[in-house]
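S.K.: For reference, the structure I am asking about is given below.
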Amino acid sequence: MTDLSSRDLLGDRKAVIDAFARRHRFKWYEAIPWLAAIACYFLFESYHALGAQIFATILFALSLDLLIGFAGIVTLGHAAFFGVGAYAAGVMAANGWHEPLSEVLVAAIVAAGVGFASGLIVLRTAGLTLLMQTLVVAALLQELANKWSSVTGGSDGLLGMKIDPIFGLFRFDLFGDTAYVYCLAVLFIGWLIARNIVYSSFGRSLTGIRENTNRMHAIGAPVDRRKLVIYTISAALAGVSGALIAQTTALVGLNTLALSKSGELIIMLVIGGIGRLYGAFIGVPLYMIAQDRFSQIDPIYWYFWIGLFMIFVVVFARGGVLGVFERFNQRRRSR
Amino acid sequence: MAPALETKSLVKRFGALAVANDINFTLERGARHALIGPNGAGKTSFVNLVTGVLTPSSGDIHLAGESITALSRAQRVKRGLVRTFQISALFKKLTVLENVTLAIAERVGAANDLWRPAGHHRDIIEEAYDLLVPLGLADEALRPVTELAYGRQRMIEIAMALALKPKVLLLDEPAAGVPPRETGAIIETIERLPADIAVLFIEHDMELVFRVAQRITVLVQGAVLVEGTPAEIAEDPKVRQVYLGESKH
Ligand SMILES: Nc1ncnc2c1ncn2[C@@H]1O[C@H](COP(=O)(O)OP(=O)(O)OP(=O)(O)O)[C@@H](O)[C@H]1O
Ligand SMILES: [Mg+2]
């Protein structure tokens, strides 16, 4: 008798553990963004430049999702790292170093350094204080870029960047064909890194920090160190995004460090859905394509409509587009 | 051998209020020790001081003979000092299994692993599941904590602590908020704890206290009123006086 019941238990045990241990496996729908991106290359040939911007910005939003969505670190100054990455790549390209991949690498390292250093200070706080401090870091950097015009070009922006062909083969063209593929490829690598982190034990502990910081302390987690690590990684990814924008537009301005840049990014992420890894892939294209269409008609109305849409998302569509999908799915399943 | 846990002249003041007033307390190895006292006596504050949530105004805390007063919360946990919360503090949106898995991942150091999927640490998941079985939580392993009744959540609270393989376990009102017919399971779980763990439990339920405790300390207004065996405490006139006016029950 004991034999039978323990065997039953074993069967259950394996099923439960298997289900839990397989959560990180790739699901079919995770291929959709990439297939869509490839299809769009052929469908919308005159929009390759916009596409490249969208991919770079998705990477930027993805890096923010790691902080806000997974670790619960709410920041209003994420543009700091985007801007630092953009300037790092830009300054190199304008001063004799033209190889694009090494520029991206340097941008990542410099942004990570700034993320680490500022994280040491700002991550001691939480809530509104943290919000203010992240904002201050970005504002300080913007002022620094403004004053240090001999290097950054100040308010005129950094001009005269020259970028070599990728691998010495693929030249950046006027139509953005190369930029499209280049940004998509870098985004793919960035996404792989982010996805791996999210499903790792480290990533799960970040979710723990978001859900209940006190409990994480009580189970012996070095909470501050974990936050600093993800802050640094996120800063590096944001820096890469900034470098991509700098290289593909051959222009870096003070706006890369602006509060509005950080704010806009949060809006895009909220529209797509925070903390779901794919919110960036939905929110960013929606926002940027709508902006591209509407801003040609009237830039003032554009902000009005985006404002109205945000109110709608916050009131009716909690969790953004992906949140609505999830609830729809749950309802269908419970029937 | 040094006792499992010791506080020496422990003091904590919030302005004029002393929540810990010169507490000299000893928890022997393998002890089953109850800490009782009226509401607001400073019992939870004591746990917070010992575990490093609060910094003492003065005094010293020793774990197995070594001072831990200057250590961080995490460092104390790593040395085997583990607590539960009076009000359940779980990862509510996560599944029961994941709650326990997170604790084990911290204990074995896997939570610093940035690259391997958590699912590849199969030994951790198995250990977590096997811990849930004797607590009667295995059937609900894959359900989010919020979906469970509060009595069940109190069990997870204990599971989280056990997952850390404590040497000293501080249970802050483990049966608080549990409906009477479910307290039995909690009491049994506490009685079944491995004998080598030193257990300090805070409790208002006198039935539980007198059933489990070998020693009892009574705390009133941040200070130790008396300490003794259950028989001594039951007959102490000072304790009777305190509990006649202010008992919860
Ligand atoms: N952070 C704080 N700041 C100021 N006062 C505090 C703080 N934490 C606790 N107190 C006060 O310290 C006293 C002791 O509180 P504590 O929670 O330790 O009591 P307790 O014995 O656990 O009571 P209960 O049985 O109700 O759980 C209370 O008067 C409380 O208001
Ligand atoms: Mg209490």
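S.K.: For the structure I just gave you, tell me whether residue B:100 is under 21 Å from residue A:225 (Cα atoms), touching a residue at least 60 places away in the same chain (Cβ under 8 Å) and within 11 Å of another protein chain (Cβ to nearest Cβ).
M.R.: Spelling it out, it is not the case that residue B:100 is under 21 Å from residue A:225 (Cα atoms), touching a residue at least 60 places away in the same chain (Cβ under 8 Å) and within 11 Å of another protein chain (Cβ to nearest Cβ).
S.K.: Additional query: Return the residues of the stretch B:112-139 that are facing chain A (nearest Cβ under 7 Å) and closer than 23 Å to residue A:13 by Cα; say none if nothing qualifies.
M.R.: If the condition is that a residue be facing chain A (nearest Cβ under 7 Å) and closer than 23 Å to residue A:13 by Cα, then B:116, B:117, B:118, B:119, B:121, B:122, B:125, B:126, B:129 are the ones that fit.
S.K.: Follow-up question, since we're still on this one. Within the stretch A:284-306, is there a residue that is closer than 19 Å to residue A:66 by Cβ, at pLDDT 85 or above and not aromatic (Phe, Trp, Tyr)?
M.R.: Yes, that holds for at least one residue.
S.K.: Can you confirm whether the stretch B:35-50 contains a residue that is out of contact with any Gly (no Cβ under 8 Å at 6 or more places or on another chain) and charged (D, E, K, R)?
M.R.: Among the residues of the stretch B:35-50, not one is out of contact with any Gly (no Cβ under 8 Å at 6 or more places or on another chain) and charged (D, E, K, R), which makes the answer no.
S.K.: Restricting the search to the stretch B:187-215, which residues are in contact with a Leu (Cβ under 8 Å, 6 or more places away or on another chain) and away from ligand 2 (no atom under 16 Å from the Cβ)?
M.R.: B:187, B:189, B:190, B:193, B:197, B:198, B:199
S.K.: Okay, moving on. How about the stretch B:147-172: which of its residues are closer than 14 Å to residue B:32 by Cα, more than 12 Å from chain A (Cβ to nearest Cβ) and within 16 Å of ligand 1 (Cβ to nearest atom)?
M.R.: B:171
S.K.: Another one. Of all the helices (runs of 4 or more DSSP H) wholly in the stretch A:139-214, which have at least 2 residues that are more than 14 Å from every other protein chain (Cβ to nearest Cβ)? I'd like the intermediate steps shown before the answer.
M.R.: Values: elements: A:149-152, A:177-199, A:201-211.
Output list reads A:149-152, A:177-199.
S.K.: Quick check, is residue B:152 among the charged types (D, E, K, R), modelled with pLDDT under 95 and either buried (at least 19 other Cβ atoms within 10 Å of the Cβ) or closer than 20 Å to residue B:199 by Cα (or both)?
M.R.: yes
S.K.: Additional query: Kindly indicate whether residue B:95 is more than 7 Å from chain A (Cβ to nearest Cβ), within 16 Å of ligand 2 (Cβ to nearest atom) and touching a strand residue (DSSP E or B) at 6+ places or on another chain (Cβ under 7 Å).
M.R.: So residue B:95 fails the test.
S.K.: For the stretch B:49-57, indicate whether the set of residues that are over 24 Å from residue A:213 (Cβ atoms), more than 16 Å from ligand 2 (Cβ to nearest atom), more than 14 Å from chain A (Cβ to nearest Cβ) and touching a helix residue (DSSP H, G or I) at 6+ places or on another chain (Cβ under 6 Å) is non-empty.
M.R.: Scanning the stretch B:49-57 turns up no residue that is over 24 Å from residue A:213 (Cβ atoms), more than 16 Å from ligand 2 (Cβ to nearest atom), more than 14 Å from chain A (Cβ to nearest Cβ) and touching a helix residue (DSSP H, G or I) at 6+ places or on another chain (Cβ under 6 Å).
S.K.: If you go through the stretch B:122-176, how many residues are within 16 Å of ligand 2 (Cβ to nearest atom), closer than 17 Å to residue B:81 by Cβ and part of a helix (DSSP H, G or I)?
M.R.: 1
S.K.: Next question. Name every residue in the stretch A:109-148 that is surrounded by 14 or more Cβ atoms within 10 Å (Cβ to Cβ) and of a type in the set (Ser, Thr, Tyr), in order of residue number.
M.R.: Passing the criteria: A:118, A:134.
S.K.: Of the conditions (1) under 21 Å from residue B:243 (Cβ atoms); (2) crowded, with 17+ Cβ neighbours inside 10 Å; (3) not hydrophobic (A, V, I, L, M, F, W, C), residue B:40 fails just one. Which one is it?
M.R.: (2)
S.K.: Determine if the stretch B:67-78 includes at least one residue that is surrounded by fewer than 21 Cβ atoms within 10 Å (Cβ to Cβ) and within 13 Å of ligand 1 (Cβ to nearest atom).
M.R.: Checked against the condition, which is being surrounded by fewer than 21 Cβ atoms within 10 Å (Cβ to Cβ) and within 13 Å of ligand 1 (Cβ to nearest atom), the stretch B:67-78 yields no hits at all.
S.K.: Looking at (1) closer than 23 Å to residue B:172 by Cβ; (2) more than 8 Å from chain A (Cβ to nearest Cβ); (3) of a type outside the set (Ser, Thr, Tyr), which one does residue B:85 not meet, given that it meets all the others?
M.R.: Of (1) closer than 23 Å to residue B:172 by Cβ; (2) more than 8 Å from chain A (Cβ to nearest Cβ); (3) of a type outside the set (Ser, Thr, Tyr), only one is false for residue B:85: (2).
S.K.: Among (1) more than 16 Å from ligand 2 (Cβ to nearest atom); (2) modelled with pLDDT of 95 or more; (3) among the hydrophobic types (A, V, I, L, M, F, W, C), where does residue B:118 come up short?
M.R.: It is condition (2) that residue B:118 fails.
S.K.: Another question, if that's okay. Tell me yes or no: at least one residue of the stretch A:238-245 is polar (S, T, N, Q), touching a residue at least 60 places away in the same chain (Cβ under 8 Å), touching a Leu at 6+ places or on another chain (Cβ under 7 Å) and closer than 25 Å to residue A:105 by Cβ.
M.R.: There is at least one residue in the stretch A:238-245 that is polar (S, T, N, Q), touching a residue at least 60 places away in the same chain (Cβ under 8 Å), touching a Leu at 6+ places or on another chain (Cβ under 7 Å) and closer than 25 Å to residue A:105 by Cβ.
S.K.: What's the number of the only condition in (1) in contact (Cβ under 8 Å) with a residue 40 or more places away in the chain; (2) surrounded by fewer than 20 Cβ atoms within 10 Å (Cβ to Cβ) that residue A:29 fails to meet?
M.R.: So the condition that residue A:29 fails would be (1).
S.K.: Turning to a different aspect of this structure: Mind telling me which of the residues B:78, B:43, B:12 ends up being farther than 26 Å from residue B:212 by Cβ and within 16 Å of ligand 2 (Cβ to nearest atom)? Spell out how you get there, then give the answer.
M.R.: On the way: B:78 fails: within 16 Å of ligand 2 (Cβ to nearest atom); B:43 fails: farther than 26 Å from residue B:212 by Cβ.
Answer to the check: B:12.
S.K.: Just one of the numbered conditions (1) at the interface with chain A (Cβ under 7 Å from one of its Cβ atoms); (2) within 16 Å of ligand 2 (Cβ to nearest atom); (3) surrounded by fewer than 23 Cβ atoms within 10 Å (Cβ to Cβ); (4) not small (Gly, Ala, Ser) is not true of residue B:17; which one?
M.R.: (1) is the only condition that residue B:17 fails.
S.K.: Let me ask something else. Would the stretch B:177-198 turn up any residue that is within 16 Å of ligand 1 (Cβ to nearest atom), assigned to a strand (DSSP E or B) and either of a type in the set (Lys, Arg) or surrounded by 18 or more Cβ atoms within 10 Å (Cβ to Cβ) (or both)? Please lay out each step first, then the result.
M.R.: Here is the first cut: in the stretch B:177-198, the residues within 16 Å of ligand 1 (Cβ to nearest atom) are B:177-178.
Those left that are additionally assigned to a strand (DSSP E or B): none.
Checked against the condition, which is being within 16 Å of ligand 1 (Cβ to nearest atom), assigned to a strand (DSSP E or B) and either of a type in the set (Lys, Arg) or surrounded by 18 or more Cβ atoms within 10 Å (Cβ to Cβ) (or both), the stretch B:177-198 yields no hits at all.
S.K.: Listed residues B:47, B:82; which is touching a Leu at 6+ places or on another chain (Cβ under 7 Å), at pLDDT 95 or above, of a type outside the set (Phe, Trp, Tyr) and crowded, with 23+ Cβ neighbours inside 10 Å?
M.R.: Details: B:47 fails: crowded, with 23+ Cβ neighbours inside 10 Å.
Of the residues listed, the single one that is touching a Leu at 6+ places or on another chain (Cβ under 7 Å), at pLDDT 95 or above, of a type outside the set (Phe, Trp, Tyr) and crowded, with 23+ Cβ neighbours inside 10 Å is B:82.
S.K.: How many residues are at the interface with chain B (Cβ under 7 Å from one of its Cβ atoms) and either more than 15 Å from residue B:80 (Cα to Cα) or at pLDDT below 95 (or both) if we restrict to the stretch A:215-227? Let's see the steps before the verdict.
M.R.: The initial filter retains those residues of the stretch A:215-227 that are at the interface with chain B (Cβ under 7 Å from one of its Cβ atoms), namely A:215, A:217-222.
Subsequent filtering for residues that are either more than 15 Å from residue B:80 (Cα to Cα) or at pLDDT below 95 (or both) retains A:215, A:222.
Total meeting the criteria: 2.
S.K.: May I ask you to list the residues in the stretch B:28-48 that are within 14 Å of the chain's Cα centre (by Cα) and either within 14 Å of another protein chain (Cβ to nearest Cβ) or within 12 Å of ligand 1 (Cβ to nearest atom) (or both)?
M.R.: B:35, B:36, B:43, B:44, B:45, B:46, B:47, B:48
S.K.: While we're on this one: Can you find, within the stretch B:58-82, the residue that is farthest from the other protein chains (Cβ to nearest Cβ) among those that are more than 27 Å from residue A:17 (Cα to Cα) and in contact with a Gly (Cβ under 7 Å, 6 or more places away or on another chain)?
M.R.: Within the stretch B:58-82, the match that is farthest from the other protein chains (Cβ to nearest Cβ) is B:71.
The values are calculated or read from the model by the stated rules, or taken from the named source; none is laboratory data. These figures come from a predicted structure and were not determined experimentally. Counting neighbours? That spans all protein chains shown, and the Cβs are built from the backbone with ideal geometry, glycine included.
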